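Student: Okay, handing you the structure first.
Please treat every number below as a calculation from the coordinates, not as lab data. These figures come from a predicted structure and were not determined experimentally. All Cβ positions, glycine included, derive from the backbone under ideal geometry; neighbour counts span all protein chains shown.
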Amino acid sequence: MTNNQNRRDFLRKASALSATMALSGGMSGKVLGQTRGIEGQMAPEIKLDYWIDANGEPGDFSVAESRGKWVFLKCFQNWCPGCHSSGFPTLQAFSKRFAEHPDVAIAAIQTVFEGHRSNTLEDVRKLQLRYDLPITMGHDPGDPETHDRPVTMKAYRTGGTPWLILISPEGTVVYNHFHVKTESLIEYVEAQLA
C-alpha cells in the first residue's frame, strides 16, 4: 500500500462525526457551511508568545524545526467540555505512546476564541499537570476586545475545539479536524514509523 493509500485509509477510518459535523449535514471539511482545515497543504509556522516545556518551564515550539518528524498538534480550551471528554484523553493516549519517540513532536495549544476569562495562561500549566502531559504546551489568546481569532485557528482554518492537526515529516497537513478514533490514529502513526 502506498503512503497516499495509507493516508486515505486513515482519513476514512479515523474521522469521527462530531455534533458540529452533524449540524452541518455531515459533509467532510464543512463546519456550519464553511470550509475548514488545510489538509494537503504545507503546515504554516505558529508564532506564540507563550510556550511551556514538559516541566512547565518557559519553552518554545516550531513546526518548521520539527520537519522530518510526525507532528501532532491539539487545540483546546479549558472550558470546552469536548476537550475534557475526548480531546485530552486522545492527547494523553497519543503522548503516552509517542512523547519520547525521536520521530514525533507533540504540542497542545489553548486557542482562545471565546471565554477569555476561563481560558487563561495559568490554565495551560494546570491542565498539563491535571492530565499528566509530558509535552510542550502553548497559549494562543486571540483578542478579547476585537474578537480576532487566535493565529493558530487562522493559519490552520480550525473550526473550534477540540481540534487535531497531524503533519507529515515532509511538512504536509494530513489530518485537520475535530475528532479521530484514538486507536486508529495511534495505529496509523505507528505504521508510518515502522
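Student: Using θ = phi - 60° and the Karplus curve 6.51 cos²θ - 1.76 cosθ + 1.60, what whole-Hz ³J(HN,Hα) does each residue of the range 73-87 get, with Gly and Pro shown as x?
Tutor: So the Karplus estimates, Gly and Pro as x, are 10, 10, 9, 8, 9, 4, 8, 7, x, x, 5, 6, 7, 10, x Hz.
Student: Among rounded, prolate and oblate, which fits the range 97-176 when a ≥ b ≥ c are the square roots of the eigenvalues of its C-alpha gyration tensor, a/c under 1.5 means rounded, and a/b larger than b/c means prolate? The partial results should precede the final answer.
Tutor: Values: a/c = 2.81, a/b = 1.29, b/c = 2.17.
Oblate shape, in that a/c is at least 1.5 and b/c is the bigger or equal ratio.
Student: Below 12 Å, Cα to Cα, which aspartates and glutamates can residue 47 reach? Residues fewer than 8 away in the same chain don't count.
Tutor: Filter leaves 60, 140.
Student: Can you tell me which aspartates and glutamates have their Cα less than 20 Å from the Cα of residue 181? Leave out same-chain residues fewer than eight positions away.
Tutor: Once the sequence-local aspartates and glutamates are set aside, what remains near residue 181 is 9, 39, 190.
Student: What is the fewest-to-most order of 42, 153, 137 by other Cβ atoms lying within 10 Å of their Cβ? Write down the numbers at each step before the final one.
Tutor: Working: 42 11, 153 22, 137 25.
Neighbour counts put them in this order, fewest first: 42, 153, 137.
Student: Quote the charge dipole size of the range 51-194 about the Cα centre in Debye, to the nearest 20; the model charges only the Cβ of Lys and Arg (+1) and of Asp and Glu (-1).
Tutor: Numbers: 13 positive and 18 negative charges, 64 e Å.
It works out to roughly 300 debye.
Student: While we're here: Could you pull out which residues in the range 100-134 have an amide N less than 19 Å from a spot 7 Å beyond the Cα of residue 143, following the Cα-Cβ vector?
Tutor: Residues 111-117 fall inside that zone.
Student: Sticking with this structure for a sec: Give me 106, 38 ranked fewest to most by other Cβ atoms within 10 Å of their Cβ, as a rough exposure proxy. Before the final figure, lay out the partial values.
Tutor: Values: 106 24, 38 17.
By the 10 Å Cβ count, ascending: 38, 106.
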